[in-house]
Amino acid sequence: MNSKYYAKDLIKELKITNIPVNLTQIANVKDIKIEEVDAEGFEGILIVKNNSAVIGINRKIRESGRKRFTIAHEIGHYHIPGHISNSKQNFSCTSINMTTYDEKDRKEYEANEFASELLMPEEIFKEKIKHEDLSYKMLQDLTKEFDTTLTATGRRYVEFSGYYAMVFSTNSKIMWFSKGDDFPYYISPGKLSEDSVAIDFFKKEEVPNTFQSVLASAWLDDYRQKGDMEIEELSIPLPYYNSVLSFLYAVYEEEEYLE
């Protein structure tokens, strides 16, 4: 069963209808103790013993949304069948684990999917965005309302958006991307293009907070793109993490797509 369904079942079981979701309430019901700890090398840790659990959160995490995502991620490890076993009684999760959406790292991917669904329940989130076009302000508003990270919120929006993709870049390199079902192109990991807006952050130049038209070749390696084709890009710097979130919007002509 998809890890999101375990989060949906938990939401249904606890009759969660309000946001931001009360993680303390969930932890109390599930006999999970949450503590902030001094730590190096991990964002969150889960220790299970005698049918109860302790979640430790790195005290140095700055943002409330990041702390909440870390807690929800560790609840995912505890709640998703197969993550905890007789031979595996704990998880120690790094910042990389919290931002991975690579299915090769299956348990961390599943915990992130669980956390996204738990913190931003599908029905509530879809209702919030159904009449909203993507913008920096809209993402900020959603992040505040759900008390989540910008990365998790942006990925959730893209999941339901159709024609958008989101790219996560660090140190001038594309690390991963996520896309809506109707975004028809692929984006490869690797060095950011000099033609992208995102590269300006790493060059210490100003980055506009609105969509900009750029050459599609700055992002896409798809055979359907044409030499002069453009794509819309909104890049949002995450200075503390030396990273950038880039939202891309592309519409293709159906005849071109079918060639």
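The values are calculated or read from the model by the stated rules, or taken from the named source; none is laboratory data. Here the structure is a predicted model, which is why all the values come from computation and not from measurement. Neighbour counts are summed over all protein chains in view; Cβ atoms, including those assigned to glycine, are modelled from backbone coordinates with ideal geometry.
Take residue 110 and decide whether it is part of a loop (DSSP other than H, G, I, E, B) and of a type in the set (Asp, Glu).
On the way: part of a loop (DSSP other than H, G, I, E, B): no; of a type in the set (Asp, Glu): yes.
Answer is no for this residue.
Test of understanding: among 54, 21, which residue is in the same structural domain as residue 88 (by TED's automatic domain parsing), closer than 22 Å to residue 108 by Cα and in a loop (DSSP other than H, G, I, E, B)?
Just one listed residue meets the conditions, 21.
Taking the options 125, 177, 183, name whichever one is buried (at least 18 other Cβ atoms within 10 Å of the Cβ) and in contact with a Phe, Trp or Tyr (Cβ under 6 Å, 6 or more places away or on another chain).
Numbers: 125 fails: in contact with a Phe, Trp or Tyr (Cβ under 6 Å, 6 or more places away or on another chain); 177 fails: in contact with a Phe, Trp or Tyr (Cβ under 6 Å, 6 or more places away or on another chain).
Being buried (at least 18 other Cβ atoms within 10 Å of the Cβ) and in contact with a Phe, Trp or Tyr (Cβ under 6 Å, 6 or more places away or on another chain) holds for just one of 125, 177, 183, which is 183.
Considering only region 59-106, how many residues are assigned to a helix (DSSP H, G or I), β-branched (Val, Ile, Thr) and surrounded by fewer than 19 Cβ atoms within 10 Å (Cβ to Cβ)? First the steps, then the outcome.
Going residue by residue through region 59-106, those that are assigned to a helix (DSSP H, G or I) are 64-79, 95-98, 106.
In the following step, the residues that additionally are β-branched (Val, Ile, Thr) were identified as 70-71, 75, 96.
The next check asks that each one be surrounded by fewer than 19 Cβ atoms within 10 Å (Cβ to Cβ); those that pass are 96.
The number of residues fulfilling the criteria is 1.
Any idea which residue in region 207-232 is modelled with the highest pLDDT, counting only those that are aromatic (Phe, Trp, Tyr) and closer than 19 Å to residue 168 by Cα?
Once the filter is applied, the top-ranked residue is 211.
Grab the strands (runs of 3 or more DSSP E) fully contained in region 162-229, keeping just those with 2 or more residues being in contact (Cβ under 8 Å) with a residue 60 or more places away in the chain and closer than 23 Å to residue 98 by Cα.
Working: elements: 164-170, 173-179, 212-215.
Filter on region 162-229 gives 164-170, 173-179.
Quick check on this structure: which one of 159, 123 is in a helix (DSSP H, G or I), more than 11 Å from the chain's Cα centre (by Cα) and of a type outside the set (Lys, Arg)?
Exactly one residue qualifies, and that residue is 123.
If I filter region 39-57 down to residues being of a type outside the set (A, V, I, L, M) and surrounded by fewer than 21 Cβ atoms within 10 Å (Cβ to Cβ), which single residue comes out as nearest to residue 116 (Cα to Cα)?
Result: 42.
When you go through (1) of a type in the set (Phe, Trp, Tyr); (2) surrounded by fewer than 20 Cβ atoms within 10 Å (Cβ to Cβ); (3) at pLDDT 95 or above one by one for residue 146, which number turns out not to apply?
(2)
Quickly run through region 156-167 and pick out the residues that are crowded, with 23+ Cβ neighbours inside 10 Å and charged (D, E, K, R).
Selection gives 156 alone.
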